[in-house]
Amino acid sequence: MFACLLVPDFPVQAALLWEPKDTRESLRRSPIAVLEGPSNLPKVVALNDAARRVGIQVGMTKLQVETCGGVLLRKRSADHEDSTQAALLECAGRFSPRVESTCPGTVILDLEGTEKLFGPLYTTACKITVSARKIGFQLRIAIAANPDTAMYAARGFAGITLIPAGDESKTLAPLPVEILPVSPQFLEILNGWGIDTFQALAALPDIALVERLGQEGLVLQKLAQGRTSRPLLPVEPEPDFIASYEFEDAVESLEPLAFVLNRVLQEICDCLVAQSFATNEVRLTLDLEVRQMQGGKNGEQYKHDWMLPVPTQDRSMLFTLLRLDLERNTFSAPIKRVTVEAVPVKPRMAQGNLFAPPSPETEKLEITLARIRGVVGSIDTEGIACVGSPKILDTHRPGTFAVQSFSSATETRSPSAVVPTIALRVFRPALETSVELSGETPHLVRLWKKHRRVLAASGPWSSCGNWWNRSTPWAREEWDVALQTLEGVGYYRIYLDRIRKQWFVEGVFD
């Protein structure tokens, strides 16, 4: 047997659930309309019975509702409705481990085997009603041998409805066909035939109905007869891959911490494999021993996150990354608790190439980068990341780039999109030089301690930026020149820094 818990006028009850408890009952007896839409023209999308009795209808504008007087208006909130649906699922979960979130305001639970815990089915429904009232719900409950029959009975009948097996068609007979999932075109056809109740639809001949309305008509007839059968789709809690360990005595050395960390990671990776997940983000939290501070206690924490280029289930690789980070850090107090969280994602599916040499494993690359960070650090003196993959920034400033973490996402280009280009090998830092001009064109350039004659020059190209920031403005005048050297003709890029009034050789063209 299945029980359907339906919250009538769900948006209204969701809005009332966030009102103070002492005023909730008085508000429930008042006319309430829930509005949704643009601020200049909100319309009624839900209302309670008290509002219906004063003439309010769905689709009326806010101005039309205000002319009736005495109607309380509330704005629809998706967050409130999601929280209300979660509270309804929690209420149903107290009576069955298998609960389906059918639609907003409706849940269906499997009552098989619950008689020994809660008594007969009607008694169970009464206990559910009492539990729901404590939260703030007014429910309709229907119990039947299949989920669909229970749901439509809850939509059509108030209070508690218990339908014995075999009496589905008889019980559902007086319900209107409008509550079925019928399209407006089909509903117009049924009304034209004079079919307005479940009983009338259930009495139609099957073959003739299919000939005129197709399989959809047959499905509607089975719903009206209560003869459908479908599996329940219970809500599965989202898995959380968090493991922690608290030491009896706080530890100060790395070895006992690494031993526990290895075990915690093994537990998380086993759970990931069991759930067919991998992880590309790991979060480590170390709770340090609480120390007595001024007027109370203050606990310190160390947190670090790792973003991996590809999803992995490799415990050894994760352990190596975490251990390398711990080796570089010192803590102000002994460690009391270790917590590791892995963010689940779909595992990486990769297929080797029979005709290409194997590329380095991504996991080994990440460990290598972690070792490099341990030697040179993660950031430079200016606070910019210095280990990772270079990325061109969205700016016209020459030579500007950033360093980001490696990613498994690669850009693919068709062969036709590849255009041969001349490479400029940039000198870092740029070489200071002096330039003699012939008019406005470079004539001699000092390079490698000698003046080189300019055979050809192209330019100038002027550019500037960050003029609004006094600390980082730039302005330059670029030239591409061909210089006569001992090795032959060389092609270079030079520029004049207009702010420093200094010439530089930026690089050489291949």
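The values are calculated or read from the model by the stated rules, or taken from the named source; none is laboratory data. Treat the numbers as computed from the prediction; the structure is a model and nothing was measured. Ideal geometry is used to build each Cβ from the backbone, glycine not excepted, and the neighbour counts take in all protein chains shown.
Pairs meeting the criteria (first residue in region 487-499 and outside any strand (DSSP E or B), second residue surrounded by 12 or more Cβ atoms within 10 Å (Cβ to Cβ) and of a type in the set (A, V, I, L, M, F, W, C), beta carbons under 6 Å, at least 6 apart or on different chains) are ARG498/ALA475; ILE499/ALA475. Pairs meeting the criteria (first residue in region 193-208 and in the same structural domain as VAL219 (by TED's automatic domain parsing), second residue aromatic (Phe, Trp, Tyr) and assigned to a helix (DSSP H, G or I), beta carbons under 9 Å, at least 6 apart or on different chains) are PHE198/TYR152; ALA200/TRP193; LEU204/TRP193.
I'd like the residue in region 204-248 that is assigned to a loop (DSSP other than H, G, I, E, B) and charged (D, E, K, R) and, out of all such residues, is surrounded by the most Cβ atoms within 10 Å (Cβ to Cβ). Steps first, answer last, please.
Initially, region 204-248 is screened for residues assigned to a loop (DSSP other than H, G, I, E, B), giving 204-205, 226-240.
Next, from what is left, pick out any that are charged (D, E, K, R): 227, 230, 236, 238, 240.
On the way: ARG227: 14, ARG230: 8, GLU236: 6, GLU238: 6, ASP240: 11.
Once the filter is applied, the top-ranked residue is ARG227.
Scanning region 483-505 for residues that are of a type in the set (A, V, I, L, M), closer than 19 Å to ARG425 by Cβ and surrounded by fewer than 17 Cβ atoms within 10 Å (Cβ to Cβ) gives LEU486, VAL489.
For region 218-238, check the following and say yes or no: at least one residue is among the basic types (Lys, Arg), modelled with pLDDT under 90, under 40 Å from the mean Cα position of the chain (by Cα) and at negative phi. For region 218-238, residues among the basic types (Lys, Arg), modelled with pLDDT under 90, under 40 Å from the mean Cα position of the chain (by Cα) and at negative phi: present. Among the residues of region 250-264, is any in a strand (DSSP E or B) and either of a type outside the set (Phe, Trp, Tyr) or in contact with a Pro (Cβ under 6 Å, 6 or more places away or on another chain) (or both)? Checked region 250-264: at least one residue is in a strand (DSSP E or B) and either of a type outside the set (Phe, Trp, Tyr) or in contact with a Pro (Cβ under 6 Å, 6 or more places away or on another chain) (or both). Out of ALA142, ALA154, one residue alone is modelled with pLDDT of 90 or more, within 21 Å of THR114 (Cα to Cα) and not in a helix (DSSP H, G or I). It is ALA142.
Can you confirm whether VAL54 is surrounded by 12 or more Cβ atoms within 10 Å (Cβ to Cβ) and either under 36 Å from the mean Cα position of the chain (by Cα) or within 24 Å of PRO237 (Cα to Cα) (or both)? First the steps, then the outcome.
Details: surrounded by 12 or more Cβ atoms within 10 Å (Cβ to Cβ): yes; either under 36 Å from the mean Cα position of the chain (by Cα) or within 24 Å of PRO237 (Cα to Cα) (or both): no.
No; evaluated as a whole, the condition is false for this residue.
Need at least 3 residues that are surrounded by 14 or more Cβ atoms within 10 Å (Cβ to Cβ) and modelled with pLDDT of 75 or more per element, so show me which strands (runs of 3 or more DSSP E) inside region 334-427 make the cut, counting only ones lying wholly within it. Please lay out each step first, then the result.
On the way: elements: 335-345, 389-392, 401-404.
Correct list: 335-345.
Restricting GLU188, GLU168 to those that are surrounded by fewer than 15 Cβ atoms within 10 Å (Cβ to Cβ), at negative phi and acidic (Asp, Glu) reduces the list to GLU188. Considering (1) at positive phi; (2) of a type outside the set (Lys, Arg); (3) touching a Phe, Trp or Tyr at 6+ places or on another chain (Cβ under 6 Å), the lone condition that VAL282 does not fulfil carries the number (1).
Restricting attention to region 265-286, the residues that are assigned to a helix (DSSP H, G or I) and of a type in the set (D, E, K, R) total 2. Please determine whether any residue of region 151-158 is farther than 30 Å from HIS80 by Cβ and in contact with a helix residue (DSSP H, G or I) (Cβ under 9 Å, 6 or more places away or on another chain). No: region 151-158 contains no residue that is farther than 30 Å from HIS80 by Cβ and in contact with a helix residue (DSSP H, G or I) (Cβ under 9 Å, 6 or more places away or on another chain).
Keeping to region 130-139, report how many residues are within 21 Å of TYR152 (Cβ to Cβ) and either surrounded by fewer than 18 Cβ atoms within 10 Å (Cβ to Cβ) or not assigned by TED's automatic domain parsing to the domain that holds ARG76 (or both).
Let us first name the residues in region 130-139 that are within 21 Å of TYR152 (Cβ to Cβ), namely 132, 137-139.
Checking the rest, the ones that are also either surrounded by fewer than 18 Cβ atoms within 10 Å (Cβ to Cβ) or not assigned by TED's automatic domain parsing to the domain that holds ARG76 (or both) come to 138.
Final tally of qualifying residues: 1.
What do you reckon, is ASN329 assigned by TED's automatic domain parsing to the domain that holds GLU248, farther than 27 Å from SER389 by Cα, surrounded by fewer than 13 Cβ atoms within 10 Å (Cβ to Cβ) and at pLDDT below 85? No: the conditions fail for ASN329.
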